[in-house]
Each structure stands twice: as structure tokens, then as C-alpha cells.
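Step one of this worksheet: look at the structure below.
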Amino acid sequence: MKLIVYIKLLFVFLFSINSVSQEIKWITLEDAVYLQEAAPRNIIIDVYTNWCGPCKLLDRNTFGNKDVAKYINDNFYAVKFNAEGDDTVNFKGYTFENPNYDPAKANRRNSSHQLTQAFRVSAFPTIVFLDKSSNLLHKLRGYKTPKQLELYLKLFTDDNYKQYQSQEDFNKFFETFVYEFDSK
């Protein structure tokens with residue numbers, strides 16, 4: 001039992017060391033949930049498709065931004081998930097697949113993955129935020145600049161979102177939010 005805890009802590013430590021660079025350290029959803037056991041963090045999932053132009057822009061302009069990458073690496077477990085891919089994903093006791101996946105359409109529109117359907121994602125890109133228990137917090141649809149994403153990253157870090165109990169509270173947060181990320 002102690003060996004398992006030490007292995008988990010070593011994995012978290014190695015993950016933390018790697019987060020010093022300016023690239024997001026993407027991991028699988030299974031790995032993120034596993035890491036949550038030893039070191040709880042919220043999860044951010046980039047739900048994308050291979051054919052999606054705005055997904056490529058989000059990847060290059062927003063996730064490639066050094067401030068965004070550092071903040072995500074320091075505060076979240078980051079998952080990149082192909083909404084039409086053929087990966088098998090085990091999540092919350094269920095196995096999700098894409099039984100109608102067509103390899104000939106790998107870079108074109110393909111069938112929707114069961115996990116994409118479970119999250120009810122229908123537009124790409126969509127950024128999904130999960131809490132420390134892997135429960136859905138929010139789905140953020142469409143391309144976002146680093147500054148647009150910053151607001152949501154800081155809202156869904158730890159339990160910050162729990163401070164806002166009404167639309168009025170959120171509006172006040174939004175209006176007084178001080179942006180810190182570089183837009184480049």
C-alpha cells in the first residue's frame with residue numbers, strides 16, 4: 001500500500017518538474033483522474049477534432065501562449081481529447097469508445113466518440129472543466145484568446161468558482177477581473 005502511495009507521489013513530482021517549460025503537459029484522462037487521487041487538482045480538457053480550424057488556432061495561439069501554458073501546468077491536469085478519435089477511455093466506471101470510427105476519415109469529419117457524447121459536446125473546440133472529483137464544472141465553447149481563457153482558468157482553479165453564488169456575483173467578478181496574461 002505504501003509503495004502505491006510513493007509511486008503516485010513520484011508521478012506527481014515528475015509531472016510538476018516537467019511543468020516548468022512553456023508547453024502544456026498533456027496527459028490522458030485516465031492519468032489525470034489517477035493523479036487526482038494523490039494530488040487533487042481540477043482537470044481541463046481540450047476537446048478538438050483534426051479537421052477543425054479554430055481548434056488549431058486555439059492550440060497554437062492560446063495553448064501555445066507561455067502564460068497560459070504555465071498557469072495550466074501549475075494549476076490543472078491538462079487533457080487533450082480528439083472528439084472523433086478512436087481511443088478507448090475508461091472514466092467513472094464506464095468504457096467509452098468510437099465504434100463507428102473510420103480510419104479513412106482520420107483527418108475529416110468522423111463519427112463522434114462516446115465520451116464526446118457523454119460530455120454533450122457538439123461544437124469544436126470546447127474546453128471542459130472538471131472538479132477534483134472529476135465532475136463536470138463547465139463547458140466553454142469556441143476559440144478563446146489567452147486573455148479570454150484567463151478569466152475561466154482563474155475561475156476554475158481549485159474551488160474559486162464556489163465564491164460566486166449568483167449571476168450578480170459572477171458579473172462583479174467579470175467586471176473587476178484584472179487580466180495578467182500576455183496576449184502574445
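If every alpha-carbon in the chain counts as one equal scatterer, what log10 I(q)/I(0) does Debye give at q = 0.09, 0.11, 0.15 1/Å? Values, matching the q order: -0.34, -0.51, -0.94.
Between TYR34 and ALA123, the contour length at 0.36 nm per residue exceeds the Cα-Cα span by 29.3 nm. Of the chymotrypsin sites (Phe, Trp or Tyr not before Pro) found in segment 111-172, those in coil by DSSP whose Cβ has at most 16 other Cβ atoms within 10 Å are TYR164. For the chain, the dipole from Cβ point charges (+1 on Lys and Arg, -1 on Asp and Glu) about the Cα centre works out to 220 debye, to the nearest 20.
Please build a GNM for the chain, connecting alpha carbons under 10 Å apart, and tell me which residue among GLY64, GLY93, GLY142 fluctuates the most. Greatest mean-square fluctuation among the candidates belongs to GLY93. Provide the net charge surrounding TYR101, with neighbours chosen by a C-beta distance below 14 Å and charges set as Lys +1, Arg +1, Asp -1, Glu -1. Taking every other residue near TYR101 into account, the sum is -2. Among all helices in the chain defined by DSSP H, which have a length of 18 Å or more along the axis from Cα atoms plus a Kyte-Doolittle mean of at least 1.6? Membrane-span-like by this rule: 2-18.
Site-free segments of the chain were taken between GluC sites (Glu not before Pro) in DSSP loops having at most 15 other Cβ atoms within 10 Å, sites themselves excluded; the longest one is 98-179.
Restriction of the trypsin sites (Lys or Arg not before Pro) in segment 43-95 to DSSP coil positions whose beta-carbon has at most 15 other beta-carbons within 10 angstrom yields LYS92. Taking a ≥ b ≥ c as the square roots of the Cα gyration tensor eigenvalues, segment 69-120 comes out oblate, since a/c reaches at least 1.5 and a/b does not exceed b/c.
Close amide H pairs (under 5 Å, H built 1.01 Å from N) link PHE96 with VAL89, ASN90, PHE91, residues at least 5 positions away or on another chain. The slack between SER183 and GLU97, meaning 0.36 nm per residue of separation minus the straight C-alpha distance, is 27.3 nm. For the chain, a Gaussian network of Cα nodes joined below 10 Å ranks ALA123, ALA69, ALA83 by mean-square fluctuation, and the top entry is ALA123. Extension gain for the segment LYS172 to TRP51, taken as residue separation times 0.36 nm less the Cα-Cα distance, is 39.8 nm to one decimal.
Any read-out appearing in this document is the output of simple, stated calculations on the displayed coordinates, not a laboratory observation. Model, not experiment: these values are computed from the prediction. Reconstructed Cβ throughout: ideal geometry from the backbone, glycine too, with neighbour counts over all protein chains shown.
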